[in-house]
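Heads up: the structure comes next, in structure tokens.
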Amino acid sequence: MEKFIPVVVIKELSETDKILTALKNNGINCAEITFRTACAKEAIEYAVKNYPEMSIGAGTVINAKQCEDALEAGAQFIVSPGLSVSVANICNERNIPYYPGCVTPTEIMQALELGITTVKFFPANVYGGLNALKALAAPFPQIKFIPTGGVDRGNIDEFLAFDKIAAIGGSFFVKEALEKMENS
């Protein structure tokens, strides 16, 4: 798994090249393309075809239909803001990594029952940040976290220093990469 998972919102298919090229130029070979826009499926399909060296996933997947669409488009991993049993079952059947949003012990226990050991912790800043992750890691030593929401350059090193962090997610990676590209 990549250490950085940029949350990518593509409003128009034509933005895909610019964003993915900027990420690659910034040393990031991963993109979680969100299902928040009408062209998400097409953007994933395009990204998978044209950027084979990158790990392309689908984010904000909240139901089985979106999961099916994302996998049909070639998504290599699925991320949700919460935990969906139907999405988990589809991903398990197809051996696709699924990172559901889990911020409570109950949600983490449900993820474990579904065979999931890496969860998204979203929104990290609202649910207690690194202190909350450390508290949750104690009773769940087998769980790794992908904090997203409220992680930025000011606190990323603290998160990365914690051994239960699988990766960091965030839209700030895209913003930084685009700014670097425009300023060079």
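The values are calculated or read from the model by the stated rules, or taken from the named source; none is laboratory data. Only a predicted model underlies this, so the values are computations on that prediction, with no experimental measurement involved. Please note: Cβ atoms are built from the backbone with ideal geometry, for glycine as well, and neighbour counts cover all protein chains shown. Heads up: the accessible areas ignore ligands, DNA and RNA and are worked out on the full protein's heavy atoms, side chains in. Shrake-Rupley method; radii C 1.70, N 1.55, O 1.52, S 1.80 Å.
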message = Can you give me the long-range amide H partners of Lys144? Hydrogens built in the peptide plane at 1.01 Å from N, cutoff under 5 Å, separation of 5 or more residues or another chain.
response = Thr118, Val119
key: Largest-first ordering by accessible area, 1.4 Å probe, given options Leu23, Leu83, Leu13   = Leu13, Leu83, Leu23
inquiry  = Along the Cα→Cβ direction, 7 angstrom out, place labels at Ala161 and Arg94. What is the inter-label distance in nm?
reply    = 4.0 nm
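Could you provide, to the nearest whole Å², the per residue accessible area of the chain with probe 1.4 Å?
47 Å²
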note = Using alpha carbon centers only, the range 92-150 is separated from the range 21-42 by a whole-angstrom value of 22 Å
query = Given (1) 116; (2) 108; (3) 168, which label gives volume of the Cα convex hull per residue in Å³ as computed from the coordinates?
reply = (2)
Evaluated at q = 0.17, 0.22, 0.23, 0.25 Å⁻¹: base-10 log I(q)/I(0), Debye formula over Cα of the range 11-85 = -0.56, -0.91, -0.99, -1.14
ask   = Per the 1.4 Å probe, what fraction of the accessible area of the chain, in percent, lies on carbon and sulfur atoms?
value = 50 percent
task = Would you mind checking the pairs Lys24/Lys134; Lys11/Lys134; Lys11/Lys65; Lys11/Lys164; Lys65/Lys164; Lys18/Lys41 and listing those with alpha carbons more than 29 angstrom apart?
result = Lys24/Lys134; Lys11/Lys134; Lys11/Lys164; Lys65/Lys164
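If r is the Cβ-Cβ distance from Glu68 to Lys175 and R0 is 45 Å, what FRET efficiency results, to the nearest 0.05?
Efficiency at R0 = 45 Å is approximately 0.90.
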query = Applying the Karplus parametrisation 6.51 cos²θ - 1.76 cosθ + 1.60 with θ = phi - 60° to the phi angles of the range 149-155, what ³J(HN,Hα) value in whole Hz is obtained for each residue in order, glycine and proline being reported as x?
reply = x, x, 8, 8, 4, x, 10
query = If you line up the Cα atoms of the range 58-103 on their principal axes, what length do they span on each, largest first, in Å?
reply = 28, 18, 16
inquiry  = For Met54, Met181, Met1, give me the order by solvent-accessible area with a 1.4 Å probe, most accessible first, ignoring ligands, DNA and RNA.
reply    = Met1, Met181, Met54
